[in-house]
Amino acid sequence: MYQSKLFYKTLKRAPKSVEALSSALLIRAGFIDQVGAGSYSFLPLGLKVLKKIENIIREEMIAIQGQEILMPALTPKENWQKTGRWKSFDVLFKLKGNNKKEYALGPTHEEIIAPLAKKIILSYKDLPFYLFQIQTKFRDELRVKSGLLRTREFLMKDLYSFHADQKDLESYYKKVDKSYSNIFKRCEVKTYKTLASGGSFSKYSHEYQAVAESGEDIIYICNNCQLAVNKEIKSEIKKCPDCNQSKFDQKKAVEVGNMFQLGDKYSLPFELKFQDKKSKEKPVIMGCYGIGLGRLMAAAVEVNHDNKGIIWPEEIAPFNIHLIQIENNKKVKQAAQKVYMDLQKKGVEVLYDDRVDKTAGEKFAEADLIGIPIRLVVSEKTLKNNSVELKNRDKKKVCLIKFSHISQII
Ligand SMILES: [Zn+2]
């Protein structure tokens, strides 16, 4: 991508209303644009990151036998009335159509997926199975803040599992836990598995919390085993349930994922049943598992930045390499152009700063703000050595790489 053609603009300062550091950086670096309170456009740089996160999640879901589907965001009132959540879900986004019918914009999809599964599941032979989607969700929050951390509209991965019994649910729950670890590791966001208030079928649910100054949650991390407890239930828990000691560190954190054992909470109202081996009808046992993609992106910035800007983790960076051409003479331009073409041929994603109206200092400052992991500079000076200058975004050291060795960088 030629930077001269890229649709973006960097800013010296983020709007005052944006409190969270991550969103302020993302706005300043031209990844997102604030449309209104709690709603953002993803610009080309931001969408590239979001898509990479989406693909990591998709790969890991498929690896645990998840099958991808897409349900509607606009959902009928009747489904929500069946479970009582039309009234009890306090941030349900409700709206009326021209036909006077009422709808909810889905904040989660148990009310849609349970009747869907009912059309397909008949016997124990159909179980277990696992469905997920990556879709925009809505929450009619009274107050939104912290940029991407709390929005009225957000992209979420929601996975639902369907089992014949509790034991099978518990064994899959562990697989999802492992899968979540992989996802957060690949996005380089350290998370703490955190106990939170449960549903009707387990004492606790689990959240995945990333420690961040802009976080809205408070968690208590066990000094010994790193299990964390959400503040909402801390008063119930004096000692760590895993290792039985009582020293915890209090931290601000961002919830990037969660897992719930739903049991038959949604199977019963929708009569989602199966016939067991003895032809006896039983309710299907369900679990649900969410990850907020925008939040994960914001959390990645919360934990990977310095005072100059973002430092993208390799797997979710918008580009692999930021190639910068300094001095606008024919030789430098030709050499930079060749490096650009060679890397592209190898399938490396390159943002090529080909702009002629910016100083080297301006280009470097912007490269640091945008945060692509590897910076390559082509200048008169490097040309004399038949080289490009390489610098990793997270390191101070620069070194020269011969043109003939560029293909070995990535
Ligand atoms: Zn512990």
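The values are calculated or read from the model by the stated rules, or taken from the named source; none is laboratory data. Since the model is a prediction, treat every value here as computed from it, not as a measurement. All Cβ positions, glycine included, derive from the backbone under ideal geometry; neighbour counts span all protein chains shown. SASA here: full protein model, heavy atoms, side chains in, ligands and nucleic acids out. Shrake-Rupley method; radii C 1.70, N 1.55, O 1.52, S 1.80 Å.
For the condition surrounded by 18 or more Cβ atoms within 10 Å (Cβ to Cβ) and not aliphatic (A, V, I, L, M), residue 30 qualifies.
One line per residue, one yes/no per condition, for (1) more than 15 Å from residue 288 (Cα to Cα); (2) out of contact with any Pro (no Cβ under 8 Å at 6 or more places or on another chain); (3) among the β-branched types (Val, Ile, Thr); (4) at pLDDT 95 or above:
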position	(1), (2), (3), (4)
158	no, yes, no, yes
161	no, no, no, yes
168	no, no, no, yes
173	no, yes, no, yes
177	no, yes, no, yes
182	yes, yes, no, yes
194	yes, yes, yes, yes
198	no, yes, no, no
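Scanning region 303-316 turns up at least one residue that is of a type in the set (Phe, Trp, Tyr) and either open to solvent by 40 Å² or more (accessible area, probe 1.4 Å) or assigned to a loop (DSSP other than H, G, I, E, B) (or both). Comparison of 65, 3, 81 shows that the only residue that is surrounded by fewer than 19 Cβ atoms within 10 Å (Cβ to Cβ), in contact (Cβ under 8 Å) with a residue 12 or more places away in the chain and of a type in the set (S, T, N, Q) is 65.
Given the structure, is residue 338 basic (Lys, Arg) and away from the ligand (no atom under 16 Å from the Cβ)? The answer is yes for residue 338.
Please pick out the residue among 326, 372 that is more than 20 Å from residue 404 (Cβ to Cβ), hydrophobic (A, V, I, L, M, F, W, C) and over 23 Å from the mean Cα position of the chain (by Cα). The unique qualifying residue is 326. Counting the residues of region 53-87 that are in contact with a helix residue (DSSP H, G or I) (Cβ under 6 Å, 6 or more places away or on another chain), charged (D, E, K, R) and not in a helix (DSSP H, G or I) gives 0.
Does residue 404 count as more than 17 Å from residue 10 (Cα to Cα), among the small types (Gly, Ala, Ser) and in contact with a helix residue (DSSP H, G or I) (Cβ under 8 Å, 6 or more places away or on another chain)? Taking the combined requirement at face value, the residue does not satisfy it. Would region 187-199 turn up any residue that is open to solvent by 40 Å² or more (accessible area, probe 1.4 Å), more than 19 Å from residue 148 (Cβ to Cβ), within 16 Å of the ligand (Cβ to nearest atom) and assigned to a loop (DSSP other than H, G, I, E, B)? No: region 187-199 contains no residue that is open to solvent by 40 Å² or more (accessible area, probe 1.4 Å), more than 19 Å from residue 148 (Cβ to Cβ), within 16 Å of the ligand (Cβ to nearest atom) and assigned to a loop (DSSP other than H, G, I, E, B).
Determine, yes or no, whether residue 299 is open to solvent by 10 Å² or more (accessible area, probe 1.4 Å), assigned to a helix (DSSP H, G or I) and modelled with pLDDT of 95 or more. It is false that residue 299 is open to solvent by 10 Å² or more (accessible area, probe 1.4 Å), assigned to a helix (DSSP H, G or I) and modelled with pLDDT of 95 or more.
Residues are listed down the side, and each one gets a yes or a no for (1) in contact (Cβ under 8 Å) with a residue 40 or more places away in the chain; (2) of a type in the set (D, E, K, R); (3) out of contact with any strand residue (DSSP E or B) (no Cβ under 6 Å at 6 or more places or on another chain):
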residue: 92; (1), (2), (3): yes, no, no
residue: 102; (1), (2), (3): no, yes, no
residue: 110; (1), (2), (3): yes, yes, yes
residue: 128; (1), (2), (3): yes, no, no
residue: 145; (1), (2), (3): yes, yes, yes
residue: 160; (1), (2), (3): yes, no, no
residue: 163; (1), (2), (3): yes, no, no
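In summary, residue 352 fulfils each of the numbered conditions (1) at pLDDT 95 or above; (2) part of a helix (DSSP H, G or I) with the single exception of condition (2). Of the residues in region 256-275, not one is within 16 Å of the ligand (Cβ to nearest atom), under 30 Å from residue 144 (Cα atoms) and surrounded by fewer than 22 Cβ atoms within 10 Å (Cβ to Cβ). Restricting region 229-252 to residues that are more than 9 Å from the ligand (Cβ to nearest atom) and open to solvent by less than 50 Å² (accessible area, probe 1.4 Å) leaves a set whose member that is farthest from the chain's Cα centre (by Cα) is 237.
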